[in-house]
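Working notes, beginning with the structure itself.
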Amino acid sequence: MLGIAALPLGIELRFLDPAPNGCASAVGEQIVGAYDDPEVIGRFCEGLDVVTYEFENVSAAALEQIARHAFVWPPISILEVSQDRLSEKECMQSLGIGTAGFQRVDTEDDLDRALGEIGLPAVLKTRRMGYDGKGQAVVRTVDEATAAFAELGRGGLILESLVPFDRELSIIAVRSMTGEFRAYPLVQNTHRAGILRTSIAPAPDIDSGLQAEAESISKRIADKYGHVGVLTVELFDVGGKLLVNELAPRVHNSGHWSIEGAVTSQFENHVRAVAGLPLGSTRVEGEWTMANLIGGVPPAETLLGIAGAQLHLYGKSERPGRKLGHVTVRTDRPGGPATAQEICGLADAHAL
Ligand code: AMP
C-alpha cells in the first residue's frame, strides 16, 4: 500500500523482503534476502536515496548499516524504543504521558515483586518481538502468572496492570522533515485475541479535548525523536482519560481506511514525509469502517457484490491469524451501518 501510494508521486521503488514474491513486488523491484545479511543489504542499498520500513521487528543493526548508504526514516532511535515494551513505557513516563502500571520482570523474584506492586489481574508480556497479541498472557491468579512466566520467561518480560478500558483508540499522525505535524481524527478499534478486527474513523463521541490530548501525546513523542513519517500511538480510553498502550513508528492497520476516507492517505503522507515532500491534508469526510480479513477471505465476488465495499487483498496465502486483506465502507450514509455489519459478519465467518 505504501508502494501503491508512492508510484503516482514519481518515486521509484525497491523492496527488501526475505520471502520471494512479497506482495510489494507487484509495484517495484524486490531484493530477496535476510534483513541482516550485509551482502543483501549492500545490493539493496545501491542507488537508493531514502529507506523506510513498515514492520517494527526489522533489526536496528541492519538499519544502522543501511544508514551508511541512504537516509533512513523514521529515525532508528524511535524504532529501537518501540521494539522494547519496557523502554517504550519508560519513555512515556519521562514525557509525563500515562500508561498502564508496569514493572520489569527478568526472574521469578522479579515476578513476585511485580505482582505485589501491580496486583491482579495483570498482563505478562515479552518485552521484544511481540505483536498481534503474541508473546503475552492475561493472568488473573498467581498460579496463572507463574505458568505464564514459565512459558514466556526466557527473554526479558514486563508485567502490566490489566487496564479496564472503555474502548481502544489510535491516533495516526505524520511529521515532516521540517517538523510540520498533522494528525488524523482519532480511530476506534476492536481487537480479538490481540488482533485488530475493526476500526471506525473518526471514532464516535470524541470531544475536541480528547482529540487535542491525543494529538499532544503524539506530537510530544514525535518531536522528542525528530520523527519523520507516520507515527501511530495506540491508546486506551479510560473514562475519558488516555493511556498509551503502544507506539508504532510507521503506517498502521488502524489507518487503512484513510485510503478512501482521508484527503491524503496515511500511506501517501508517509511517503511524502520520508521523501521530503510537502504533507497532504489529513481531513476526513464522512465516517468509515474498516474490517480486517484474518486467516481466511470471503469470496471476492460476494464482498464486491455489496454496494460501497472497497476490497484490498494483500496476495498472501491463508494462515490462521494472518492479516490477508481488509474491506472499507463509508457508514454515514443511509444503509451504511447495515452494510458495515454485513461486511464484518462475512469477515468473521471466514476468519481463522
Ligand atoms: P499489544 O500487543 O500490547 O498491543 O496488545 C494487544 C491487545 O491486547 C491490545 O490491543 C489490548 O486489547 C490488549 N491489551 C494489551 N495490554 C493490555 C493491558 N495492559 N490492559 C488491557 N488490555 C491490554
Task: DSSP-loop chymotrypsin sites (Phe, Trp or Tyr not before Pro) across the range 1-109, with at most 12 other Cβ within 10 angstrom - done: 55
Task: For the chain, built as a Gaussian network whose Cα springs stay under 10 Å, the top-fluctuating residue of 97, 172, 11 - done: 11
TODO: Go ahead and run the numbers for FRET between residue 220 and residue 141, Cβ-Cβ distance against an R0 of 25 Å, rounding to 0.05.
DONE: 0.10
- [ ] Treat every Asp and Glu Cβ in the range 2-72 as -1 and every Lys and Arg Cβ as +1, leave all other atoms uncharged, and give the resulting dipole magnitude about the Cα centre to the nearest 20 debye.
- [x] 120
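Let me have the relative contact order for the range 101-161, percent, based on Cα pairs under 8 Å that are six or more residues apart.
Here the relative contact order equals 50 percent.
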Task: Of 125/224; 134/323; 125/316; 219/323; 134/316, pairs whose Cα-Cα distance is over 24 Å - done: 125/224; 125/316; 219/323
Open item on the list: Assuming 0.36 nm per residue, please report the length gained on full extension of the stretch residue 338 to residue 49 beyond their Cα-Cα distance.
Closed with: 99.4 nm
Task: Given charges at Cβ of Lys, Arg, Asp, Glu: the chain dipole, positive-most of 126, 309, 273 - done: 309
Task: DSSP-loop GluC sites (Glu not before Pro) across the range 266-327, with at most 12 other Cβ within 10 angstrom - done: 285
TODO: Using R₀ = 22 Å, calculate the FRET efficiency as 1/(1 + (r/R₀)^6) where r is the Cβ-Cβ separation of residue 301 and residue 322; round to 0.05.
DONE: 0.50
Task: Calculated FRET value between residue 191 and residue 94, using beta carbons and R₀ = 41 Å, to 0.05 - done: 0.90
Task: 176, 317, 199 arranged by Cβ crowding within 10 Å, fewest neighbours leading - done: 317, 176, 199
Task: For residue 293, residues with placed amide H under 5 Å, excluding near neighbours - done: 324, 325, 326, 327
Task: Separation between Cα centres of the range 223-255 and the range 27-63, rounded to whole Å - done: 25
- [ ] Could you work out how far apart the two model spin labels at residue 17 and residue 64 are, taking each label as a point 7 Å from the Cα in the direction of the beta carbon, and quote it in nm?
- [x] 2.8
TODO: Can you put 260, 168 in order of Cβ neighbours within 10 angstrom, beginning with the fewest?
DONE: 260, 168
Open item on the list: Viscosity 1.306 mPa s, temperature 10 °C: what is the translational diffusion coefficient of the chain from Stokes-Einstein with a Kirkwood Rh over Cα pairs, rounded to a whole number of µm²/s?
Closed with: 75
Task: Which of 263, 251 has the fewest Cβ neighbours within 10 Å, and the rest in rising order - done: 263, 251
Task: Directionally averaged shadow of the range 101-161, computed from the convex hull of its alpha-carbon atoms, nm² - done: 3.4
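Bear in mind that the values in this text are calculations on the coordinates, not laboratory data. What you are looking at is a predicted structure, and each value in this text was computed from that prediction instead of being measured. Reconstructed Cβ throughout: ideal geometry from the backbone, glycine too, with neighbour counts over all protein chains shown.
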